[in-house]
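Asks: Can you keep this structure in mind? I'll have questions shortly.
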Amino acid sequence: MKIVFVSLFPNLIAPYFEDSVLKKAKDKNLFELEFINFRDFSFDKHKKVDTEIVGGGAGMIIDNQALRNTLNYLKEKYPSSRIIFLTPVGKKYNQKDAIRLSKEEVLILVSGRYEGFDERLIEDFANEVISIGDFILTGGELASLVIADSVLRNIKGVLGNKESLEEESFNENLLEAPAFSKMGEVPIILKSGNHKKIKEWREKTSILKTKFHRPDLLN
């Protein structure tokens, strides 16, 4: 899989992949990254990429021209890619999306800035419009990283342990069962060595935990 980040500030994104599990996976060539600054595709002599909103309104929006040039270039380079715009007005993201998107060959994540995108860009290029929650960020870079992290950990070999994925929260709309370190007192069933009983205990506590913290998932 390859993830292409389209952003005015790629240096906000790149360092995230220089440590921990994702760095190890990248070094093993389990995935590829590309960073595109759409300011580089501006024909304006000052490389300006923002413009006033037609009809008035506070702030500026991303200009139609520079980002359009960028996405035309990427569509030609990666014809089978899936282009995702990150914006608060999009569909709310979830774990099922992460698993689904991990099967894509090339994922292009477009980070917004200012007051958002010229709507024509979304209409002409977006395969999906995604939001990571009902709140506003300064830019879409953090949202792009959230998508990338959640997608890449579903790539075979990235986490190393397949069972880590199978027992995670949101699988089958349930939160993961409580987990404990070896220090102090823990539920005695977990020390019993009876794997069937432990599995039953985890299934039961997973449901109880979901009812308490996220009853909406059970609906």
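The values are calculated or read from the model by the stated rules, or taken from the named source; none is laboratory data. Note that the structure is a prediction, hence the values are computed from the model and not measured. Cβ coordinates were reconstructed from backbone atoms using ideal geometry, including for glycine residues, and neighbour counts include every protein chain displayed.
Asks: Exactly one condition in (1) at pLDDT 85 or above; (2) closer than 26 Å to residue 149 by Cα; (3) not in a loop (DSSP other than H, G, I, E, B) is false for residue 89; which is it?
Replies: Tallying (1) at pLDDT 85 or above; (2) closer than 26 Å to residue 149 by Cα; (3) not in a loop (DSSP other than H, G, I, E, B), residue 89 fails exactly one: (1).
Asks: Since residue 91 meets every condition but one in (1) without any contact (Cβ under 8 Å) to a residue 24 or more places away in the chain; (2) of a type in the set (D, E, K, R); (3) exposed (fewer than 13 other Cβ atoms within 10 Å of the Cβ), which condition does it not meet?
Replies: Result: residue 91 passes all but (1).
Asks: Can you find even one residue in the range 35-47 that is at pLDDT 95 or above, assigned to a strand (DSSP E or B) and either out of contact with any strand residue (DSSP E or B) (no Cβ under 7 Å at 6 or more places or on another chain) or in the same structural domain as residue 108 (by TED's automatic domain parsing) (or both)?
Replies: Yes, the range 35-47 contains a residue that is at pLDDT 95 or above, assigned to a strand (DSSP E or B) and either out of contact with any strand residue (DSSP E or B) (no Cβ under 7 Å at 6 or more places or on another chain) or in the same structural domain as residue 108 (by TED's automatic domain parsing) (or both).
Asks: Then there's this: For residue 111, work out the one condition from (1) in contact with a Ser or Thr (Cβ under 6 Å, 6 or more places away or on another chain); (2) surrounded by 17 or more Cβ atoms within 10 Å (Cβ to Cβ); (3) more than 17 Å from residue 139 (Cβ to Cβ) it doesn't fulfil.
Replies: Condition (3) is where residue 111 drops out.
Asks: Filter the range 176-209 down to the residues that are small (Gly, Ala, Ser) and either part of a loop (DSSP other than H, G, I, E, B) or more than 24 Å from residue 95 (Cβ to Cβ) (or both) and list them by number. Reasoning before the result, please.
Replies: If we filter the range 176-209 for residues that are small (Gly, Ala, Ser), which is where we start, we get 177, 179, 181, 184, 192-193, 206.
Correct list: 177, 179, 181, 184, 192, 193.
Asks: Now, a different point. Which of the residues that make up the range 92-117 are out of contact with any helix residue (DSSP H, G or I) (no Cβ under 8 Å at 6 or more places or on another chain), among the hydrophobic types (A, V, I, L, M, F, W, C) and farther than 13 Å from residue 148 by Cβ?
Replies: 99 - this is the single residue of the range 92-117 that is out of contact with any helix residue (DSSP H, G or I) (no Cβ under 8 Å at 6 or more places or on another chain), among the hydrophobic types (A, V, I, L, M, F, W, C) and farther than 13 Å from residue 148 by Cβ.
Asks: Let me ask another. Of the residues that sit in the range 92-124 and are assigned to a loop (DSSP other than H, G, I, E, B) and of a type in the set (D, E, K, R), which one is nearest to residue 61 (Cα to Cα)?
Replies: If we take residues in the range 92-124 being assigned to a loop (DSSP other than H, G, I, E, B) and of a type in the set (D, E, K, R), then 115 is nearest to residue 61 (Cα to Cα).
Asks: Counting just the residues of the range 48-59 that are touching a strand residue (DSSP E or B) at 6+ places or on another chain (Cβ under 8 Å) and closer than 25 Å to residue 74 by Cα, which one comes out modelled with the highest pLDDT?
Replies: 49
Asks: Let me ask another. Hey, can you tell me all the residues within the range 134-155 that are more than 14 Å from residue 9 (Cα to Cα), of a type in the set (D, E, K, R) and in contact (Cβ under 8 Å) with a residue 60 or more places away in the chain?
Replies: 149, 153
Asks: Working only within the range 6-29, note down all residues that are in contact (Cβ under 8 Å) with a residue 60 or more places away in the chain and either farther than 30 Å from residue 49 by Cα or not assigned by TED's automatic domain parsing to the domain that holds residue 98 (or both).
Replies: The initial filter retains those residues of the range 6-29 that are in contact (Cβ under 8 Å) with a residue 60 or more places away in the chain, namely 6-9, 12-13, 16, 21-22, 25, 28.
Those that are in contact (Cβ under 8 Å) with a residue 60 or more places away in the chain and either farther than 30 Å from residue 49 by Cα or not assigned by TED's automatic domain parsing to the domain that holds residue 98 (or both): 21, 22, 25, 28.
Asks: Further question: Between 140, 193, which is at pLDDT 80 or above and under 30 Å from residue 37 (Cβ atoms)?
Replies: On inspection, the qualifying residue turns out to be 140.
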